[in-house]
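The values are calculated or read from the model by the stated rules, or taken from the named source; none is laboratory data. Just so we're clear, the structure is a prediction, and the values are computed from it rather than from any experiment. Cβ: placed from backbone, ideal geometry, glycine included. Neighbour counts: every protein chain shown. Accessible surface is based on the protein model in full, side chains and every heavy atom, while ligands, DNA and RNA are left aside. Shrake-Rupley method; radii C 1.70, N 1.55, O 1.52, S 1.80 Å.
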Amino acid sequence: MRHIVLTAALLSTLTACTTMQRGEQENYPVELATPFAAAPVLPGKTQFVQVTYPRSVFEDDSELDRYYDQLNIDVSSVRASGDKIPDPYLPASWIKLMSVDAPKGISVVLAKSEIGAVISNSRLAGSRVQWQQLDKVRLTYKVSVAADFASTKKMEESADPEFTELLNSLDGFNIEFAHLKFSVNGKDQTSFLPIRTSPEKSGK
């Protein structure tokens, strides 16, 4: 009987894991392919979205060196050139989202901020390990779109024809823009988050 109970509990756990969709929880976000790809959030929905930016987006010079110097590059797994070195990441609570300028009905909250690096091309030089490193900032946003959200695209058409042409070129999606203001190590930095509020067209 105990074996049957344990098996049922295991099946229940596996079912819960398989039904969870990306974006439903902070620790299982939708991962955007590029820093300025559009986050897919339909009206009436909330999605956790992870965006990985180049370090340079949030830095004017090299003022963040002291944070990136704390990254631990673990080379213990390298036995031959080309062996994968894990990408290191650290929490970065000093990156704060100060304000969001978004269309009415869209909210963006910074759920998690991290710094890290993408490590590649490991190689052995005698007893030393060398590698290439691209420093990154990884932010997870909680993005919500109201159920009665009305696209601002019409307003943008009359305000800026060139911008409208850009929007129309994005595979016919409704793309909204949230302009974000951050405080990073005490300095103001800005970026933006495109948000797709309509389903992807079939055949795309």
> So what are the ³J(HN,Hα) numbers for the stretch 118-133, from phi and the Karplus equation (6.51, -1.76, 1.60; θ = phi - 60°), rounded to whole Hz, Gly and Pro as x?
Replying inline: 9, 9, 8, 6, 5, 8, 9, 10, x, 9, 9, 9, 10, 7, 9, 9
> Once amide H atoms are built 1.01 Å from N in the peptide plane, which residues 5 or more positions from E31, or in another chain, come under 5 Å H to H?
Replying inline: Q50
> Starting at 0 and stepping by 10 Å, how many percent of the alpha carbon pairs of the stretch 81-136 end up in each bin?
Replying inline: 20, 31, 23, 16, 9, 2
> Using a probe of 1.4 angstrom, how much of the accessible area of the stretch 47-105 is carbon and sulfur, in percent?
Replying inline: 47
> For A38, which sequence-distant residues (separation of 5 or more, or a different chain) have an amide H within less than 5 Å of its own amide H, given hydrogens modelled in the peptide plane?
Replying inline: none
> To the nearest 10 square angstrom, what accessible area does I195 show with a 1.4 Å probe?
Replying inline: 0
> Measuring from label point to label point, each 7 Å out along Cα→Cβ, what is the K45 to D65 span in nm?
Replying inline: 4.4
> What residues qualify as long-range amide H neighbours of I115, i.e. H under 5 Å apart, gap of 5 or more or another chain, H built at 1.01 Å from N?
Replying inline: L90, A92, R138
>> Show me the trypsin sites (Lys or Arg not before Pro) within the stretch 34-80 that DSSP assigns to loop and that have at most 13 other Cβ atoms within 10 Å of their Cβ.
In response: R79
